[in-house]
Amino acid sequence: MRPFSYTKARVIEDARQITADESAMAIAGGTNLLDLMKLQVETPHKLADINRIGFDEIKKTADGGLSIGALATNTATAVHPRVRSDYPVLARAILSGATQQLRNKATNGGNLCQRTRCFYFTNIDQPCNKREPGSGCGAIDGIAKLHAVLGASDQCIATYPGDMAVALSALDAQVHIATAGGSERTVPVRDFHCLPGDTPWRDNVLEDGEIITAITLPAPVGGTQIYRKVRERSSYAFALVSIAAIVEMKDGLFSRADLAFGGLAHKPWHDLRIAEALIGQPPTAQTFDKAADILLEIARGYGENDFKIPLARRTLHAVLEHAAEEAA
Amino acid sequence: MSDTISINGTQHSLPDDPRRSLLDFVRQDLGLTGTKKGCDHGQCGACTVIVNGIRINSCLTLAVMHDGDEVTTIEGLGTPEAPSELQKAFVAHDGFQCGYCTPGQICSATAMLQEIANNWPSDASESLEGEMNVTGEEIRERMSGNLCRCGAYANIVAAIRDVAEESA
């Protein structure tokens, strides 16, 4: 690990001040950042430890929703009684990720900011436009099993690896950010992560000095909530394809179908047209295929990850079929 | 706020170098070599310790981030003369071969039994709410952060199950 100076932030202003410097980073749980620092993928000159600045509460919002502190741990969130009863898709998504030891340390803000597990990104001997702009992309024509089939660019085909954000996307959660200037802004989680385009180093919309303070969930949405994760091992593996689904049926037809997809792109994938195509339709193979056609309209494989396209279609079929049965 | 950290009930000053992981601090600075370094990247669980009652990977956290915290390592759970229930069960069931992953397995399982007692769900839980059951499937899922390269898993699960059923 490269040397760095370490400061324990007491209040959020400390953290904002330190991290306004582009060579500085905030550290919370540290499970991803320290891993990357050991690999010298991340080489911050300064670390601001934000673990003692608060923002770790999980509490009801004025409109009956739930505010989840950025510094609450993944475990505290998944086991919270209201998350378990009112937002099971979120609890399930969190519990499907990593291990208990990691979830005990990982924070919600850090989880949103975690970096891709692309092998070229995490190996400093390899080219990677995300880690070293202009060095090329090793994954295109390389080892690309985990990589994107939606929304990739000719500069980067990495995927966002998280599960929690996929459920948050289905729930249409909001990300609250303290800006460097001391004000606040709110970004829908669906717009928080970026596509790689020609700025693949940019994972999300956070600017230097900005810190996530909370994530808010809408008032309980009900419905049948499912998080289905397809992976190579039955535990402790990243998603090849995952689907967060919130489904309701009325008179045998879909009346709600909020879906978000993990493992397919540089961000949790959400396409409003899928819900539009499902609502009012019966749960038949034809309906599921139509939804999959929309999801995969622009899908493109890169050799090793070609399988993700039919896998996403089949997983969508399975989830919709299961959800329709449960919701009926 | 203090500049000290409690390890198995003894106060220690925090290291000067902020790069020191909690794992290296415990092993190298304090000589408590029960906690093992396997992968040093949070993948194997050999470094699992219990901080304020919660199990974490000590390789993926900086010692300086733990001022005022109470850390329990395998040395704090039992001794050869007075082993903990889980330690006794691992011996009785032959829950190891080379033994390198064992301290992490036992620290992890100790905290895991508390998580089950708290009725925290896992990915393997049928329901997110209510009382959690100690099935083999639950133990395997909840212990998936602790690898055993010798493959002593069947006996590890049996040892944990024994203790879980006794304390239930």
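Every number here is computed from the coordinates shown, using simple stated rules; none is lab data. Only a predicted model underlies this, so the values are computations on that prediction, with no experimental measurement involved. Glycine also receives a Cβ, built like all others from the backbone with ideal geometry; neighbour counts cover every protein chain displayed.
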Positive-end residue of B:T10, B:M65, B:T33, charge dipole of the range B:4-77 with Cβ unit charges: B:T33
Residues of the range B:141-168 with amide N under 19 Å of a point placed 7 Å along Cα→Cβ from A:R233: B:141-158
Top positive-direction residue, dipole computed over the range A:224-327 with Cβ charges, set A:A237, A:H322, A:M249: A:A237
Inter-part distance where the range A:168-199 and the range A:19-39 are each reduced to a Cα centre, Å: 19 Å
5 angstrom amide H check on A:R256, placed H, neighbours 5+ away: A:E248
Residues whose placed amide H lies under 5 Å from that of A:D49, excluding near-sequence neighbours: A:T7, A:K8, A:A9, A:I27
For the range B:63-136 versus the range A:232-286, the gap between their alpha-carbon centres in whole angstrom: 36 Å
Chain A: most fluctuating residue of A:A167, A:A285, A:A106 per GNM, C-alpha cutoff 10 Å: A:A285
Least to most buried among A:F261, A:F119 (fewest other Cβ within 10 Å first): A:F119, A:F261
J(HN,Hα) series, the range A:115-132, from Karplus relation 6.51 cos²θ - 1.76 cosθ + 1.60, nearest Hz, glycine and proline x: 8, 5, 9, 3, 4, 7, 5, 8, 10, 6, 7, 9, x, 7, 5, 6, 7, 9
Which listed pairs, of A:K38/B:K37; A:K8/B:K36; A:K105/A:K130, have C-alpha distances above 23 Å, in listed order: A:K8/B:K36; A:K105/A:K130
Dipole axis of the protein assembly as shown (+1 Lys, Arg; -1 Asp, Glu on Cβ), positive-most option in A:T31, A:Q225, B:A111: A:T31
The range B:4-77, relative contact order [Cα under 8 Å, separation at least 6], %: 41 percent
Sequence of A:H147, A:H322 once ranked by neighbouring C-beta atoms within 10 Å, starting from the fewest: A:H322, A:H147
Exercise: per-residue mean of other protein chain Cβ atoms within 10 Å, B:115-122: 3
Fluctuation leader among A:L311, A:L146, A:L90 - chain A, Gaussian network, Cα springs under 10 angstrom: A:L311
Average beta carbon contacts from partner chains per residue of A:91-100, 10 Å cutoff: 6
The protein assembly as shown, dipole about Cα centre (Lys/Arg Cβ +1, Asp/Glu Cβ -1), debye to the nearest 20: 520 debye
Paramagnetic label zone (point 7 Å from Cα along Cα-to-C-beta, B:D3; backbone N under 18 Å) in the range A:1-30: A:5-10
Between helix B:102-117 and chain B: long-axis angle, C-alpha atoms, 0 to 90°, nearest 10: 60 degrees
In Hz, Karplus ³J(HN,Hα) per residue of the range A:229-234 (6.51, -1.76, 1.60; θ = phi - 60°; x = Gly, Pro): 10, 9, 8, 7, 10, 7
Among A:D289, A:D49, A:D141, residue whose mean-square fluctuation peaks in a GNM of chain A (springs only between Cα atoms under 10 Å): A:D141
Förster-model FRET efficiency, 41 Å R0, A:K46 and A:E276, C-beta, rounded to 0.05: 0.30
Residue-wise HN-Hα coupling along the range B:49-65, computed from phi with Karplus coefficients 6.51, -1.76, 1.60 (Hz; x: Gly, Pro): 10, 10, 10, 6, x, 10, 7, 9, 7, 6, 6, 9, 8, 8, 4, 5, 7
Rounded to 10°, Cα long-axis angle of helix B:153-167 versus longest principal axis of chain B: 90 degrees
Gain upon complete extension [A:R300, A:Q17; 0.36 nm per residue less C-alpha separation]: 97.6 nm
Protection proxy ranking of A:1-11, B:64-74, B:99-109 - average other beta-carbon atoms within 10 Å, highest first: B:99-109, B:64-74, A:1-11
Shielding of B:52-60 by partner chains, average beta-carbon count, 10 Å: 5
